[in-house]
Amino acid sequence: MNENKNRPETTLVEGGRRKEWRRKLVNVPVERASTIQFDSVADMKASKAGLGVYRYGLQGTATHWALSEALTELEPGAAGTTLFSSGLAAITTALLAVLKPGDELLVPDHIYGPTRKFCDTFLKRFGVATRYYDPLVGGGIAALIGSDTRAILLESPGSLTMEVQDVPAICAVAREHGIPTLIDNTWATPLFFPAIAAGVDITILAATKYVGGHADVMLGAVTATAEYFDRIQTLGWDLGHSVSPDDAWLGSRGLRTMAVRLKQHEAGALRIAHWLKERPDVGRVLHPALPECPGHEFWKRDFKGSSGLFAFELKGADAAARAAFVDNLRLFGIGYSWGGYESLAIVVDPFRTVSTPPAPSLVRLHVGLEDPEDLIADLAQAFG
Ligand SMILES: Cc1ncc(COP(=O)(O)O)c(C=O)c1O
């Protein structure tokens, strides 16, 4: 169990940097290994895989343990963290660890597209039914829980349409029913939303985004309570998931500066969101810290900050006009993912099956670490 007493910013610096792993270096080095050599047959037979135990490359080396331990220490109430080769691998393995054929899974309608695809294809074939729910359902989730419901997935805010969920209310209902909750916490990270303390059992990061922070690594992490951690870690090994130590090292490297980067992302995104709000050619600005964002009240109640990702409506713009706006941007790149130091823009056409009213078409921005005034000048010329 995580008994870390430091504040989060200190944990980012200290987390996982055990003396026995880094020796006299500041950073735990990249340790590459498949075979680990034991001292004797007895020693080999006695070894039990786990954090800090050299056994086989699949179970990691100090490079991996350092990142896992730091991420666990950022989540009060967590028992451990399992690393994955992408955020999507982290999500799918965590779901498989708590579901079996015949079960039903509840998923918010604003969920990240590839997660939705996994539910609608693989999980369906595996015999798990997915029931989509309105992300703003809150405690009303109780009415959706049936005799086969075995897990509830959350994503708050949704990474396209930004609705903030009432996480504590959903988790309280789930707990009453003995159902585990899993959250995609990539937008907030544990710095802005320590999910396990809010009542979630399993919290997932696409560490590709703010943990890596430099748009050059694919990485995922699942942090869980004692009830679920072993199950997830063991399933990861059983499925043969493995993370390159170089990538784990890049994750730790990114983590050290995550708090300062997030502060800059936050300030830049807020400056730009407020600037957009004043423009006559902009409709709603869907930024969790702005009152017009659905679920803003839960952001205000539960979150310690906001990150760099938000979306807005271009008033009266059809698909071609939205594409032309994004194409006109010079400092904002066009591309998948987000969370790096650089700004990005995409056009979003959300796919929904249950939420009303239908989600609007949007432009989504990831505000990087550039001077926000330069980004505003770029947006202004693109409107022109
Ligand atoms: C909210 C969210 N979750 C998960 C993922 C998946 O992460 P990865 O790209 O590392 O597989 C993404 C990627 O864009 C995302 O935006």
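The values are calculated or read from the model by the stated rules, or taken from the named source; none is laboratory data. From a predicted model like this one, the values you see are computed outputs, not experimental measurements. In this analysis, Cβ positions are derived from the backbone assuming ideal geometry, glycine residues included, and neighbour counts consider all displayed protein chains. The accessibility values were calculated without ligands, DNA or RNA, using every heavy atom of the protein model including side chains. Shrake-Rupley method; radii C 1.70, N 1.55, O 1.52, S 1.80 Å.
Given the pairs K24/K45; K19/K209; K277/K304; K24/K209, which span a C-alpha to C-alpha distance of over 26 angstrom in this model? Those over the limit are K24/K45; K19/K209; K24/K209.
Of the whole protein surface, L205 contributes about 20 Å² of accessible area at a 1.4 Å probe radius. Rounded, prolate or oblate: which one fits segment 260-371, using the alpha carbon gyration tensor with axes a ≥ b ≥ c (rounded when a/c is under 1.5, else prolate when a/b beats b/c, else oblate)? Oblate shape, in that a/c is at least 1.5 and b/c is the bigger or equal ratio. Within a Cβ distance under 13 Å of M218, other residues only, what is the Lys/Arg minus Asp/Glu net charge? Local charge sum for M218: -2. Only beta bridges with both residues in segment 142-230 are counted; by DSSP, about 40 percent of them are antiparallel. Take segment 86-240 with all the other protein chains still there, run a 1.4 Å probe, and you get 32 Å² of accessible area per residue.
When both segment 127-185 and segment 242-283 are represented by their alpha-carbon centers, they are found 26 Å apart. Calculated over segment 1-134, the projected area of the Cα convex hull averaged across directions stands at 11.5 nm². Across the chain, the relative contact order, built from alpha-carbon pairs under 8 Å that are at least six residues apart, equals 17 percent.
All Cα-Cα distances of the chain, cut into 20 Å bins from zero to the largest, leave 29, 56, 15, 1 percent in each bin in turn.
Helix 87-98 and the long axis of the chain differ in direction by around 60°, with both axes built from C-alpha atoms. The angle separating the long axis of helix 167-176 from the principal Cα axis of greatest extent in the chain is about 50 degrees. Highest-first packing order for the peptide set 49-56, 359-366, 290-297 is 359-366, 290-297, 49-56, based on the mean count of other beta carbon atoms within 10 Å.
Using θ = phi - 60° in the Karplus curve 6.51 cos²θ - 1.76 cosθ + 1.60, the 3J(HN,Hα) couplings for segment 117-128 round to 4, 4, 5, 7, 10, 5, 4, 4, 5, 7, x, 9 Hz; x is entered for Gly and Pro.
Couplings 3J(HN,Hα) for segment 196-207, derived from phi with the Karplus relation 6.51 cos²θ - 1.76 cosθ + 1.60 (θ = phi - 60°), are 5, 5, 7, x, 7, 8, 9, 10, 10, 10, 7, 5 Hz, where x marks Gly and Pro.
Highest mean packing first, where packing is the average number of other Cβ atoms within 10 Å per residue, the peptides 344-354, 16-26, 89-99 line up as 89-99, 344-354, 16-26. Annotation note: GluC sites (Glu not before Pro) in segment 179-278 located in DSSP loop regions with a Cβ neighbour count of at most 12 within 10 Å are E278.
Angle of helix 258-277 to the longest C-alpha principal axis of the chain, folded into 0 to 90 degrees and rounded to 10: 10°. The accessible surface of the chain, taken with every protein chain in place and a 1.4 Å probe, is 54 percent carbon and sulfur. Close amide H partners of V282, meaning residues 5 or more places away or on another chain with modelled amide H under 5 Å apart, are K315. Amide H contacts under 5 Å for G80: A224, restricted to partners 5 or more places along the chain or on a different chain, H placed in the peptide plane at 1.01 Å from N.
Considering only beta bridges that DSSP places wholly inside the chain, some 60 percent are antiparallel. Amide H contacts of R131 (H built 1.01 Å from N, in plane; Pro and chain starts excluded): L105, L106, V107 sit under 5 Å, all sequence-distant by 5 or more or on other chains. Average accessible surface for segment 311-384: 48 Å² per residue, computed with a 1.4 Å probe over protein heavy atoms with every protein chain in place.
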